[in-house]
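Scroll down for the structure; my scribbles are underneath it.
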Amino acid sequence: MIELAVGDVVAENSYHLTRDSLVRYAGASGDFNAIHYRDDIAGEVGLDGVLAHGMLTMGLAVQPVVDWLGARGTVRDYQVKFTRPVVVDPVHGADLAVVAKVGAVDADGARIDLTVSFGDLTVLGKAQVRVALASA
Amino acid sequence: MNPELQGRAFPPTEPYLVGREKVREFSRAVFATSPLNLDVEAARAAGYEDVVAPPTFAVVVQEKTLAQLLAEPDGGIDFTRVVHGSQQFTYTRPIIAGDELTATLSVTGVKTLGGHAMVTAESSIVDASGDHVVTAISTLVVRGDE
């Protein structure tokens, strides 16, 4: 069993998103909403620019936890609220930082709380991953 | 939005066969680096039949149920006004390449908040044996007229 204490940072990573990342995610996921790759359409619906798919942000934010777990356990539950959009600049892209911290420890695993930041602001709320850890 | 959507059940989607290359493609798109997602031998060494899909891969199957919801003739949901509010996945086991998955949607909540409407769509995803794999829950916010 992995020794865990509430407040421990178990993993962190940063991700550089570009327009290419959004096109790649669109193809892989089947979400071809044009606000994720067309500036003109994003502008028409009142957005500040092309946005990353919320599900792309959710998908990458759990990866530090997946890597930390490896084959020692599995993700049992993963939930997020989408609180702020991630605008991806056509030239400079967008940088996201993920910090994964132990929120609670229970008999068969733990709740890992994610902080996902874009600049100074968080973009996901109540981002929680419940993991089951294999007994030693 | 039509409040009578609440409690409505939908027919199961056509079976979705999870392909190994699709798992790899999705894994790369979400910046996954775990060998379990990419390398068949690593996945087998960890006790899985084939590569393991990332935790959010279930959205690919769930999406077919959300399409049913948005296409509901009396639903009154304007797709261009829909914003994703929250998302949850509750797993019995991970999705593995080779799984044949079927999703069944039910609408578990409809409410109005100010000018906006919120719908909670719960999609239960089972394998070819009918055993539960994951439940995907989305809350969609339908923005009212500004």
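For this structure, a couple of remarks:
- Dipole of the range A:23-114, positive end: most advanced residue of A:Ala28, A:Gly93, A:Val66 [Cβ charges, Cα centre]: A:Val66
- Magnitude of the charge dipole, the protein assembly as shown, Cβ model with Lys/Arg +1 and Asp/Glu -1, debye to 20: 320
- Likely footprinting exposure, A:His16, B:His116, fewest C-beta neighbours within 10 Å first: A:His16, B:His116
- Sequence-distant contacts, meaning Cα pairs under 8 Å at least 6 residues apart, place the relative contact order of chain B at 29 percent.
- Here's the picture: a label point sits 7 Å out from the Cα of A:Glu12 along the beta-carbon direction, and within the range A:110-136 the residues with their amide nitrogen under 20 Å of it are A:111-129.
- Percentage relative contact order, chain A, counting C-alpha pairs under 8 Å, at least six apart: 32
- Other residues lying with their Cβ under 10 Å from the Cβ of A:Gly125 contribute a combined charge of +3, Lys and Arg counting +1, Asp and Glu -1.
- For the range B:23-146, a simple Cβ point-charge model (Lys and Arg +1, Asp and Glu -1, everything else neutral) yields a dipole of about 320 debye relative to the Cα centre.
- When the convex hull of its Cα atoms is viewed from all sides, chain A shows a mean projected area of 8.5 nm².
- Mean sequence separation of contacting Cα pairs (under 8 Å, at least six apart), scaled by the length of the range B:13-69, corresponds to a relative contact order of 32 percent.
- Derived scalar couplings ³J(HN,Hα) [the range B:62-79; Karplus, 6.51 cos²θ - 1.76 cosθ + 1.60; whole Hz; x for Gly, Pro]: 4, 3, 5, 7, 5, 5, 4, 5, 5, 8, 4, x, 9, x, x, 9, 8, 3
- Point-charge dipole on Cβ atoms (K/R +1, D/E -1) for the range B:24-71, about Cα centre, debye to 20: 140
- Label zone (A:Ser117, point 7 Å along Cα-to-C-beta; backbone nitrogen cut-off 19 Å) within the range A:1-25: A:7-17.
- Prolate/oblate/rounded label for chain B (Cα gyration tensor, a/c 1.5): prolate
- Scalar couplings 3J(HN,Hα) for the range A:110-127, obtained by applying the Karplus form with A = 6.51, B = -1.76, C = 1.60 to θ = phi - 60°, are 7, 9, 9, 9, 9, 10, 10, 10, 10, x, 8, 10, 8, 10, 10, x, 6, 8 Hz; x denotes Gly and Pro.
- Modelled spin-label separation between B:Arg44 and A:Lys81, with each label point placed 7 Å from Cα along the Cα-to-Cβ direction: 4.6 nm.
- Measuring r between the beta carbons of B:Leu113 and B:Leu70 and using R0 = 22 Å, the FRET efficiency lands at 0.65.
- Loop-resident sites, the range B:29-124, for GluC sites (Glu not before Pro), counting at most 12 other Cβ within 10 Å (DSSP): B:Glu49
- In Hz, Karplus ³J(HN,Hα) per residue of the range A:37-52 (6.51, -1.76, 1.60; θ = phi - 60°; x = Gly, Pro): 8, 10, 4, 5, 6, 4, x, 4, 8, x, 8, 7, x, 5, 9, 5
- Taking the charge dipole of chain B about its Cα centre, with +1 at Lys and Arg Cβ atoms and -1 at Asp and Glu Cβ atoms, the residue from B:Thr112, B:Ala71, B:Leu17 reaching farthest to the positive side is B:Thr112.
- A simple spin-label model places the labels of A:Ala107 and A:Asp20 4.9 nm from each other, with each point 7 Å out along Cα-to-Cβ.
Values in this text are rule-based calculations from the coordinates and carry no lab data. Everything numeric in this text was worked out from a predicted model, so none of it was measured. Backbone-built Cβ (ideal geometry, glycine too); neighbour counts: all protein chains shown.
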